[in-house]
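The values are calculated or read from the model by the stated rules, or taken from the named source; none is laboratory data. In this text, all values refer to a predicted model and were calculated from it rather than measured experimentally. We place every Cβ from the backbone using ideal geometry, glycine too, and count neighbours over all the protein chains shown.
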Amino acid sequence: MNKKLLGLSAAVLVSAGLSAQEKQNDSIDLQQLDEVVVSDSRFELKRENSGKTVIKIGIEELQRSQGKSVVDIINAKSGIEIAGSRGTNGGILGVFARGGRGRQVLVLIDGVRVSDPSSFSQEYDLRLLSAANIESIEILKGAASTLYGTNAATAVINITTKKVSKRKVALNVQTLRGTNHTSEDQNYNLAQVFNSVQLGGTLDKFTYQVGFSNRYSEGLSAIITPQNHEDSYSQINTDIKLGYQLSHNFKIGIYANQTKLNTEYDESFGLFDADYRFLSDQKRTGLSAEYKYLQGSLHLNTAYTNYDSENKSAFPSAFTGENYVVDIFNKNTFNDKFHTIVGLNFIKDEAAFATTRDFNIIDPYANLVYVSEFGLNLNVGARYNNHSEYGSHLVYNLNPSFTFKTEDGYVKALTSYATSYITPSLTQLFGNFGANPDLEPEENRTLEGGLEYAIDDKFRVSGVYFNRKEENFVFFDNITGTFGNSEGTIDAQGTEVELNWMPSEKIKFTSNYTFTERKGDAAIRIPKHKVNATLGYVFSKRTFASLDYRYIGERLDTDFNTFSNAALDPYSLLNVYVEHELLPKRFKVFIGIQNLLNADYVEIIGYTTKGRNINAGINLNLY
């Protein structure tokens, strides 16, 4: 094992042990369960008043996930499976929520839709995000097209970037080193590096923040072959955020970021080593404004994104795309009971094929949330989609819930019926490979119902049943070599159970179970059963540790050597994380061990998976 890695790991563990007896005033606190959620209504609502299924990943959980990618963090939540996340960093990912496909999940960054119009599926590549620059993540499950438009059919992943410090100058530095190998080749070479620097602050009415991060890894081959040639991965993120408080009621902000991705990969058809490379350069700039008045506020979010990608392979290709988003909406609150939002959303997607093609979407929308004094909560809304290729389409949402107050908590019953839609991507309509301009939009309806029981902010358990129906599902027909709409329907149903428990100030236990059943196709890479569980323990005022368990049940995958489907065996993973504050709130050291028991498993047929790996690093705050 590499001596440097052993030394750093030992130092962290020794520090953790010594600190167990310390008595300091500054302490590591466990996050309470009485959350405030936003994504289901765009208002800050107590969880007990929300009728939607929302998972919130707060700053505490993110800070205790040092060394993990955004994909790793999201993949531990109920109803979500991100295929390819347990292999090489450059692996192609598919985000499957509630038995759906990747393009049915909408990703928002600071409230703005992000989607690559030049890609086949129009999915946003979650590898492009740096966890070091994220303040919180909310996952809104179920159909949400009323508030968020096209693609929001099975889930919305709403990502909020880091808030600017209220101090004049604040500096955060993170660095990590780790291994990157399979269960069979436990060489313990340092083959993974992550660095992040953020500088920001507030100068009177002016705010600023500049961030830079990079991730590099090697040591693994994307595909399992006798040669196992190593495939490298490199990612660089640069972020700038500026804001100005023009008056007590009016503020504006601008931002810009660039992400560069350079990853090697192998040939998936035939599964052999190849010197292929994928290059991506994404640039985004945007402006936000907020004006507050009496009981309301007017908001403007705009963004322009440029995508430039290139595949260097046996079939080389280059893709360029542009995306414009303007979202203007007005929020009002009346008597703390009625929360209304009325808005207009504009999207223009453009991509270069043999010729440059584009479409635009103009959506007016409205939503109302009613929170009564006697327990009834109501969330209703509608959106009128106007697409340049497909004309007009109405989607709507009806979401009543009822909260019964108890002596020390509440019991909540919820139900929801919502429709959504997904228009075909530019590549599916006009691209160079299998385009079909006669495609119809996909339509989706979701019915769900459930119960939630909470005791103070120490215990919460919930169970939700969902039932989805998809029509006109867009798929690639291998026989004709074109995209088409399925003749039948896709039916998906399942159950999600979540438990959050804090038996003491030192212990927090969370777990979730998801059952998913998809009918109408082969349900590739969607496990029928999935379990996640995390036990966190505060050893002392400065030391925290957690133990994570992951179970992925049996699922189907396609073998591209035979073009037939095969069942994959279930597998379990155990992960450990320890952190210690050498200086409270200032200087932290941490170590993580993934796949502690060195399990050997298959996630995707023919692709490499990671064995036991160790990473360790530091987090420094200066202000």
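Data overview
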quantity	calculated
Condition check for K530: among the basic types (K, R), part of a strand (DSSP E or B), touching a Gly at 6+ places or on another chain (Cβ under 7 Å) and at pLDDT 95 or above	yes
Contacts under 6 angstrom Cβ, first residue in region 331-344 being surrounded by 11 or more Cβ atoms within 10 Å (Cβ to Cβ), partner among the aliphatic types (A, V, I, L, M), 6 or more apart	K331/I341; K337/V371; H339/V369; T340/L368; V342/A366; L344/I328
Residue among V395, V371 that is among the aliphatic types (A, V, I, L, M), in contact (Cβ under 8 Å) with a residue 40 or more places away in the chain and within 30 Å of Y453 (Cβ to Cβ)	V371
Members of region 254-272 that are under 25 Å from the mean Cα position of the chain (by Cα) and surrounded by fewer than 18 Cβ atoms within 10 Å (Cβ to Cβ)	I254, A256, Q258, K260, N262
Which listed residue, of E123, E60, is closer than 21 Å to E442 by Cα and without any contact (Cβ under 8 Å) to a residue 60 or more places away in the chain	E123
Residues (aromatic (F, W, Y), crowded, with 16+ Cβ neighbours inside 10 Å and closer than 30 Å to F560 by Cβ) located in region 436-483	F473, F483
Subset tally (residues that are in contact with an Asp or Glu (Cβ under 8 Å, 6 or more places away or on another chain) and over 16 Å from T150 (Cα atoms)) for region 313-349	10
Residue count, region 514-555 (criterion: in contact with a Pro (Cβ under 9 Å, 6 or more places away or on another chain), farther than 15 Å from A76 by Cα and either without any contact (Cβ under 8 Å) to a residue 40 or more places away in the chain or not basic (K, R) (or both))	3
Any chance G606 is of a type outside the set (S, T, Y) and modelled with pLDDT of 95 or more	no
Selection count where residues are among the hydroxyl-bearing types (S, T, Y), over 12 Å from the mean Cα position of the chain (by Cα) and buried (at least 24 other Cβ atoms within 10 Å of the Cβ), scope region 121-147	2
Verdict on T562 being β-branched (V, I, T) and touching a residue at least 40 places away in the same chain (Cβ under 8 Å)	no
Every residue from region 584-603 that is modelled with pLDDT of 95 or more, under 30 Å from K168 (Cβ atoms) and surrounded by fewer than 16 Cβ atoms within 10 Å (Cβ to Cβ)	F587
Qualifying residue in region 400-417 (condition: under 22 Å from E470 (Cβ atoms), touching a residue at least 24 places away in the same chain (Cβ under 8 Å) and in contact with a Phe, Trp or Tyr (Cβ under 7 Å, 6 or more places away or on another chain))	no
Qualifying residue in region 224-235 (condition: of a type in the set (V, I, T) and free of Cβ contacts under 8 Å to residues at least 40 places away in the same chain)	no
Criterion: over 25 Å from the mean Cα position of the chain (by Cα) and either over 17 Å from S115 (Cβ atoms) or modelled with pLDDT of 95 or more (or both) - qualifying residue of N379, N367, N399, N332	N332
Counted residues, region 196-237 - those being surrounded by fewer than 20 Cβ atoms within 10 Å (Cβ to Cβ), hydrophobic (A, V, I, L, M, F, W, C) and part of a strand (DSSP E or B)	7
Residue check for I252: over 20 Å from R215 (Cα atoms), among the aliphatic types (A, V, I, L, M) and either modelled with pLDDT of 95 or more or touching a helix residue (DSSP H, G or I) at 6+ places or on another chain (Cβ under 6 Å) (or both)	yes
Test: V105 is buried (at least 24 other Cβ atoms within 10 Å of the Cβ), under 26 Å from E61 (Cα atoms) and modelled with pLDDT under 90	no
Search result, residues across region 113-146 that are over 30 Å from F476 (Cβ atoms) and outside any strand (DSSP E or B)	S130, A131, A132, N133
Hits in region 550-566 - residues which are modelled with pLDDT of 95 or more and loosely packed, with under 15 Cβ neighbours inside 10 Å	E554
Failed criterion for T495 (all others in (1) over 30 Å from A76 (Cβ atoms); (2) part of a strand (DSSP E or B) hold)	(1)
Tally, over region 61-96, of residues that are on the phi < 0 side of the Ramachandran plot, buried (at least 22 other Cβ atoms within 10 Å of the Cβ) and touching a Gly at 6+ places or on another chain (Cβ under 6 Å)	3
Which numbered condition P527 fails, given (1) over 25 Å from N478 (Cα atoms); (2) within 21 Å of the chain's Cα centre (by Cα)	(1)
Subset tally (residues that are over 26 Å from the mean Cα position of the chain (by Cα), over 20 Å from A435 (Cα atoms) and touching a residue at least 24 places away in the same chain (Cβ under 8 Å)) for region 382-392	1
Matching option when the condition is within 25 Å of V105 (Cβ to Cβ), under 26 Å from the mean Cα position of the chain (by Cα) and at pLDDT below 95, among S416, S420	S420
Residues of region 364-419 satisfying the condition of being assigned to a loop (DSSP other than H, G, I, E, B) and either of a type outside the set (G, A, S) or surrounded by 17 or more Cβ atoms within 10 Å (Cβ to Cβ) (or both)	E373, F374, G375, E389, Y390, T406, E407, D408
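Matching residues to (1) of a type outside the set (G, A, S); (2) modelled with pLDDT of 85 or more; (3) under 23 Å from I455 (Cβ atoms):
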| residue | (1), (2), (3) |
| --- | --- |
| D26 | yes, no, no |
| Q32 | yes, no, yes |
| R42 | yes, yes, no |
| S50 | no, yes, yes |
| Q63 | yes, yes, no |
